[in-house]
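Okay, structure first, notes after.
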Amino acid sequence: MTEQNTTQAATPPDDRFEVGIIVAKRALKSRWASHAWLPVSALPDIPAASPWTLLSATPEEETFYAGAYEVSLHPAETSHYRDNLVSGRPSLWVALRQVAEGNYEVANVTADPYEGESMAEGIGEVVEAVPMPLEVQAKVLAFFEAFHVEQVFHKRKRDRADPEALARQGTGTRRRGDEG
């Protein structure tokens, strides 16, 4: 092996990649709404289909390819990605936002479970956790392994109070101008 080959750094894993999002329009039996839109899955590759292509239809549900969305990974969030990967059900959180009556767009996709939880607290967006494809799990794991630094928790110790620092200075009999 040449010296040049041994000194070259390995290519860092991608911190951004795209996934395809599948959404469903489900019929409801309600007097307030006739249907609901829900993210149902993520694709590891982007299909040749254009966004909002109808994939299947039954009287109860229509599924659509909603389009591609970029997932961003951040080195400061690697412990969150680890929590997601070891959870037993690795997920991507997908948020849909209504842009017009009956029209939705993919607003956000994240692999960070805590960011996904905070997205669900907002009003006006539909947020669902969908299964993370194995290929995406591999990308998130590679990013975790490249950038994770374990933070050791150190309990902070308080300084002991100095009783003299809190005591009054002198007896209080001196007045301004008294030299003594």
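The values are calculated or read from the model by the stated rules, or taken from the named source; none is laboratory data. Note that the structure is predicted; figures quoted are calculated from it, not measured. Cβ coordinates were reconstructed from backbone atoms using ideal geometry, including for glycine residues, and neighbour counts include every protein chain displayed.
Of the residues 160, 168, 174, only one is at pLDDT below 80, surrounded by 10 or more Cβ atoms within 10 Å (Cβ to Cβ) and over 30 Å from residue 77 (Cα atoms); which?
174
Has region 132-155 got any residue that is in contact with an Asp or Glu (Cβ under 8 Å, 6 or more places away or on another chain), at pLDDT below 95, among the hydrophobic types (A, V, I, L, M, F, W, C) and under 20 Å from residue 22 (Cα atoms)?
There is no residue in region 132-155 that is in contact with an Asp or Glu (Cβ under 8 Å, 6 or more places away or on another chain), at pLDDT below 95, among the hydrophobic types (A, V, I, L, M, F, W, C) and under 20 Å from residue 22 (Cα atoms).
Please find, among 110, 78, 63, the residue that is surrounded by 13 or more Cβ atoms within 10 Å (Cβ to Cβ) and at pLDDT below 95.
Criteria check complete, one pass: 78.
Which count do you get for residues in region 29-80 that are over 20 Å from residue 19 (Cβ atoms), touching a strand residue (DSSP E or B) at 6+ places or on another chain (Cβ under 7 Å) and charged (D, E, K, R)?
Count: 3.
Check 127, 99, 140 and return the single one that is surrounded by 17 or more Cβ atoms within 10 Å (Cβ to Cβ) and more than 17 Å from residue 14 (Cβ to Cβ).
When all the criteria are applied, what remains is 127.
So the check is Cβ under 6 Å with 6+ separation or different chains; which pairs have a first residue in region 17-44 that's surrounded by 12 or more Cβ atoms within 10 Å (Cβ to Cβ) and a second one that's acidic (Asp, Glu) and at pLDDT 95 or above?
From residues that are surrounded by 12 or more Cβ atoms within 10 Å (Cβ to Cβ), the pairs are 18/70; 24/61; 25/62; 26/61; 27/60; 38/128; 39/128; 44/135.
Collect the residues in region 114-129 that are within 17 Å of residue 69 (Cα to Cα) and in contact with a Phe, Trp or Tyr (Cβ under 8 Å, 6 or more places away or on another chain), keeping them in residue-number order. Can you show your working first?
To start, the set of residues in region 114-129 that are within 17 Å of residue 69 (Cα to Cα) comprises 115-116, 119, 125-129.
Scanning region 114-129 gives 115, 116, 119, 126, 127, 128, 129.
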